[in-house]
1. Find the residue count for region 36-81, including only residues that are open to solvent by 60 Å² or more (accessible area, probe 1.4 Å), outside any loop (DSSP other than H, G, I, E, B) and not charged (D, E, K, R).
2. Of all residues in region 95-117 being open to solvent by less than 50 Å² (accessible area, probe 1.4 Å) and among the β-branched types (Val, Ile, Thr), which is nearest to Ile66 (Cα to Cα)?
3. Between a first residue in region 69-88 that is touching a residue at least 24 places away in the same chain (Cβ under 8 Å) and within 15 Å of Trp36 (Cβ to Cβ) and a second residue that is open to solvent by less than 80 Å² (accessible area, probe 1.4 Å) and in a strand (DSSP E or B), which pairs have beta carbons less than 8 Å apart while being 6 or more apart in sequence or on different chains?
Amino acid sequence: MKKIYLLSLFLIIFTSCSRDNDTIPEDTSGDIQGTWQLKAFYISGVRQPLSTCRLNESIAFEQNSIIIVKTQETSNAPCNISTENGTFSRAANTLSITFPNENSTVKIKELTKVKLVIIPENNQETLQYEKAQ
């Protein structure tokens, strides 16, 4: 009887463990069009603090155009805000972005009605945006 009990306990524990293929895939089905405000920044999965200045950063997608609002903090200018205009194309969960002096590729990790999470190619950074109202 004790062997049956131990065998049953083992089977319950073994079958209750999840496998890697049971994970829910990332949702990238949302519409990327619109303006997205930076809300979180991660390096190697660790959330980094965002200054008030960095919270001004955004990305706007309109048809195939993209406008990025960037910030830079220095000792002389507490918050320098600039914009960069370019174009983009999307293929599944990959964005190819072209600016006059730079091309880049980013992976869309998550895209819903209110949330956009992107990972620049060959980078340990992850950027999380919320849809602007």
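The values are calculated or read from the model by the stated rules, or taken from the named source; none is laboratory data. Treat the numbers as computed from the prediction; the structure is a model and nothing was measured. Glycine also receives a Cβ, built like all others from the backbone with ideal geometry; neighbour counts cover every protein chain displayed. Surface areas here come from the heavy atoms of the whole protein model, side chains and all, with no ligands, DNA or RNA. Shrake-Rupley method; radii C 1.70, N 1.55, O 1.52, S 1.80 Å.
1. Number satisfying all stated conditions: 8.
2. Checked region 95-117; the qualifying residue nearest to Ile66 (Cα to Cα) is Ile97.
3. Phe88/Phe61; Phe88/Ser65; Phe88/Ile66; Phe88/Leu95; Phe88/Ser96; Phe88/Ile97; Phe88/Thr98
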